[in-house]
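Remarks on the structure that follows.
Just so you know, all these numbers are worked out from the coordinates, no wet-lab data involved. If you're wondering where the values come from, they're calculated on a predicted model, not measured in any experiment. Don't worry about glycine lacking a Cβ; one is built from the backbone with ideal geometry, like all the others, and counts go over all protein chains shown.
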């Protein structure tokens, strides 16, 4: 799918919001990617998964891992397209990412980490750290959208995304939208 067509599809389902938002990282931005709205449509979810899978074809991926919540559905669809297992990390009682529900990896297992939208990469790094005790081989990091934050954490490899949409984000105390008095929203918490 062409990038402009993908952008139109995401806009049509309300997955790209404009305004003043608090991101999961705590930073503020004028654009928010609520890709759960895209994943509510199975044909679109499948299309997104196939698209990300194509970015990593030929790498013999054995398991696709997504951090909860944003990466779960994408991991499933990418794994389906690659013929791999799909697992996810989630937070434990102390807020630390871990494998639960009996999920396990094998030393040297070839894994692909995925996330729906990447800002700082914090969730991906936490998922990566949760997998390290199993000593898998991370063959790639994929996403539907890469926001290209200047605050990106150091990941074990570059992110490959279907869409690269550099979008400014700011620390709350530096946010020009706050200074303008534009109401702050947190779409993931709204009813």
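For the reader, a short list of remarks on this structure follows.
- Annotation: extensible slack from residue 3 through residue 188 equals 64.1 nm (criterion: 0.36 nm per residue apart, minus Cα-Cα distance).
- MRE, 222 nm, helices only [DSSP H, n ≥ 4, -39500 (n - 2.57), over the chain, to nearest 500]: -8000 deg cm²/dmol
- Principal-axis tilt of helix 70-82 within the chain, Cα atoms, nearest 10 degrees: 40 degrees
- Using C-alpha pairs below 8 Å separated by at least 6 residues, the relative contact order for the chain is 22 percent.
- Highest mean first, the peptides 104-115, 154-165 sorted by other C-beta atoms within 10 Å per residue fall in the order 104-115, 154-165.
- Folded to 0 to 90 degrees: helix 122-131 orientation relative to the chain principal axis, Cα: 20 degrees
- On Cα atoms only, tilt of 3-12 relative to the major axis of the chain in degrees: 60 degrees
- Cα centroid of the range 118-148 to Cα centroid of the range 164-188, whole Å: 24 Å
- 10 Å binning of all Cα-Cα separations within the chain, expressed as whole percents from 0 upward: 9, 37, 36, 15, 3, 0
- The range 174-191 residues near the modelled residue 151 label - backbone nitrogen below 14 Å, point 7 Å along Cα→Cβ: 174-178
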